[in-house]
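**Student:** Here it is, the structure in full.
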Amino acid sequence: MARGLSIIFAATVVLVILGICRASRVGICYGRNADDLPTPEKAVQLIQMHNIKYVRIYDSNIQVLKAFANTGIELMIGIPNSDLLAFSQFESNANTWLKNSILPYYPDTKITSITVGAELTEAPNTTAALVVPAMQNVFTALKKAGLHRRIKVSSTHSLGVLSRSFPPSAGAFNSSHAFFLKPMLEFLAENQSPFMIDLYPYYAYRDSSTNVSLDYALFEASSEVIDPNTGLLYTNMFDAQLDAINYALMALNFKTVNIMVTETGWPSKGSPKETAATPDNAQTYNTNLIRHVINNTGTPAKPGGAVDVYVFSLFNENRKPGLESERNWGLFFPDQTSVYNLDFTGKGVVDTTAGGNNTGSNGTWCIASSSASEAELQNALSWACGSGNVDCSAIQPSQPCFEPDNLASHASFAFNSYYQQNGATDIACTFGGVGVRTNKNPSYDNCLYATTGGKKALFNNATVGPSKSTSSSPQRSYWWTQYLLVAFLFFLVPF
């Protein structure tokens with residue numbers, strides 16, 4: 001009996017610590033409210049080239065699901081508010097949807113979450129009342145298919161779900177939403193699903209610039225905001241908003257429910273009154289956000305805690321209604337060129353002068369890593385000669401750089417061309433970790449590798465090459481932690 005209790009206790013400790021040590025993840029929202037976007041296949045190629053492993057879409061479009069097949073990308077799909085009535089009324093509707101729209105593509109398409117409805121606090125009460133029954137029916141359908149432990153069911157919220165958000169420790173849910181929020185929280189806790197929230201410090205600054213400083217919203221503040229109830233110091237609006245949700249959950253005794261940020265970002269363009277909507281500010285916010293998240297910084301109320309975050313959004317979407325900023329949240333234009341440079345690893349040095357005339361060093365080149373696999377090189381080469389806008393004619397048959405006819409040689413030429421035309425910066429030689437910089441000129445015979453010289457770098461619309469997985473370094477720490485915990489379990493339990 002004592003030995004059995006020891007095993008249970010040790011296993012519980014292991015699970016708790018593993019949960020704390022889980023690495024944070026950064027994903028992207030792939031909205032499609034536009035009439036000029038590339039095909040889903042091209043969008044997926046762009047996502048892969050930036051080594052983004054987590055994507056949120058807002059429906060279950062078959063063409064999109066097919067495009068993500070066999071990519072290994074973890075996909076969050078959505079059931080829109082307009083479908084909640086059908087899903088809530090009859091369990092059979094959820095069963096049919098799962099059978100026809102999900103199961104034919106799973107597990108080739110790695111669906112890990114389903115959002116049932118979105119931002120219900122902005123919808124009529126009659127719609128909000130449908131969300132929990134719809135969630136329960138979707139969950140039951142998944143359970144019948146044996147997928148309820150692999151695919152999580154939740155719903156997203158705006159910050160309007162709170163009645164108070166400042167100071168963070170006073171965070172509280174709006175009582176007018178209790179009719180659907182309380183049963184939803186009970187559902188999330190019972191099924192270990194996350195509470196999903198869309199956080200936008202941009203709106204907090206735009207709508208209250210006299211009370212919120214721009215630097216505080218951009219993670220650039222040199223001073224702290226003190227929570228008078230706890231004495232905790234806040235250096236950015238994102239953490240303050242996130243902790244307001246944390247405290248609201250704790251106030252209702254839902255401490256075990258994790259939070260996932262399903263949207264956040266910053267627009268790069270706005271109407272004349274939206275002066276903070278600029279490429280520089282968008283780049284600064286998202287760069288600092290990614291660094292903050294992948295470092296597992298946590299928040300003042302939950303230091304070191306992991307939180308998954310989805311950046312909004314992949315593309316500018318020209319059919320979104322509202323102010324000009326609503327159509328300019330994208331990291332990329334529809335032609336797949338970048339609105340501004342963004343390093344998803346959170347480690348690179350990002351040029352912060354959008355459209356600047358920066359030049360790189362004459363003494364460095366970018367070539368293919370000798371440790372890269374052929375598949376990695378082929379993907380990066382295809383991207384460079386396609387979306388990367390590199391002139392690859394020199395590596396075609398009978399041209400000066402065709403020989404030696406191998407992937408490493410051809411990729412090196414293409415990598416360097418992209419690197420030089422984009423200012424010879426560190427980030428322009430990432431290519432998902434298969435590009436490396438060298439001080440030795442790789443030119444040979446009549447094959448001359450470009451140098452930047454005095455030419456302008458094409459920062460304004462150049463798509464940055466793919467970058468290394470956001471979770472590679474934290475993940476190594478995570479696995480090492482697991483080994484230590486297994487050893488702990490071994491010594492704790494008597495045999």
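The values are calculated or read from the model by the stated rules, or taken from the named source; none is laboratory data. Since we're looking at a predicted model, the values are computed, not measured. Virtual Cβ from ideal backbone geometry, glycine too; neighbours counted across all protein chains shown. For accessibility, only protein heavy atoms count, side chains too; no ligands or nucleic acids. Shrake-Rupley method; radii C 1.70, N 1.55, O 1.52, S 1.80 Å.
**Student:** Those residues that are more than 20 Å from Asp207 (Cα to Cα), among the small types (Gly, Ala, Ser) and buried (at least 22 other Cβ atoms within 10 Å of the Cβ), I need them from segment 251-296; list them, please.
**Tutor:** The answer is none; no residue qualifies.
**Student:** If a residue must be closer than 21 Å to Glu122 by Cβ, open to solvent by 20 Å² or more (accessible area, probe 1.4 Å) and not in a strand (DSSP E or B), how many such residues does segment 132-172 contain?
**Tutor:** Looking only at that region, the number is 5.
**Student:** How many of the residues in segment 35-58 are free of Cβ contacts under 8 Å to residues at least 40 places away in the same chain and either open to solvent by 10 Å² or more (accessible area, probe 1.4 Å) or over 13 Å from the mean Cα position of the chain (by Cα) (or both)?
**Tutor:** So the answer is 4.
To keep it simple, each residue is scored yes or no on (1) in a loop (DSSP other than H, G, I, E, B); (2) touching a strand residue (DSSP E or B) at 6+ places or on another chain (Cβ under 9 Å).
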{"site": "Asn379", "(1), (2)": "no, no"}
{"site": "Pro400", "(1), (2)": "yes, yes"}
{"site": "Asp405", "(1), (2)": "yes, no"}
{"site": "Ser409", "(1), (2)": "no, yes"}
{"site": "Tyr418", "(1), (2)": "no, yes"}
{"site": "Gly432", "(1), (2)": "no, no"}
{"site": "Asn441", "(1), (2)": "yes, yes"}
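**Student:** Something else about it: Restricting to segment 188-218, name every residue that is closer than 27 Å to Asp280 by Cβ, of a type outside the set (Phe, Trp, Tyr) and in a loop (DSSP other than H, G, I, E, B). It would help to see each step written out before you state the result.
**Tutor:** Here is the first cut: in segment 188-218, the ones closer than 27 Å to Asp280 by Cβ are 197-218.
When the remaining residues are screened for being of a type outside the set (Phe, Trp, Tyr), the result is 197-199, 201, 204, 206-215, 217-218.
Those that are closer than 27 Å to Asp280 by Cβ, of a type outside the set (Phe, Trp, Tyr) and in a loop (DSSP other than H, G, I, E, B): Leu199, Ser208, Ser209, Thr210, Asn211, Val212, Ser213, Leu218.
**Student:** On the given criteria, is Ser175 under 26 Å from Thr284 (Cβ atoms), surrounded by fewer than 16 Cβ atoms within 10 Å (Cβ to Cβ) and more than 27 Å from the chain's Cα centre (by Cα)?
**Tutor:** On the way: under 26 Å from Thr284 (Cβ atoms): no; surrounded by fewer than 16 Cβ atoms within 10 Å (Cβ to Cβ): yes; more than 27 Å from the chain's Cα centre (by Cα): yes.
Taking the combined requirement at face value, the residue does not satisfy it.
**Student:** If Asn70 satisfies all but one of (1) under 21 Å from Ala375 (Cβ atoms); (2) surrounded by 14 or more Cβ atoms within 10 Å (Cβ to Cβ), what's the number of the condition it fails?
**Tutor:** Going through the list (1) under 21 Å from Ala375 (Cβ atoms); (2) surrounded by 14 or more Cβ atoms within 10 Å (Cβ to Cβ), Asn70 breaks only (2).
**Student:** Scan segment 78-122 for residues that are charged (D, E, K, R), more than 15 Å from Ala141 (Cα to Cα) and surrounded by 14 or more Cβ atoms within 10 Å (Cβ to Cβ) and jot them down. Outline the logic, then answer.
**Tutor:** So the first thing to find is which residues in segment 78-122 are charged (D, E, K, R), and the list is 83, 91, 99, 108, 110, 119, 122.
Those still in the list that are more than 15 Å from Ala141 (Cα to Cα) too: 83, 108, 110, 119, 122.
Asp83, Lys110, Glu119 - these are the residues of segment 78-122 that are charged (D, E, K, R), more than 15 Å from Ala141 (Cα to Cα) and surrounded by 14 or more Cβ atoms within 10 Å (Cβ to Cβ).
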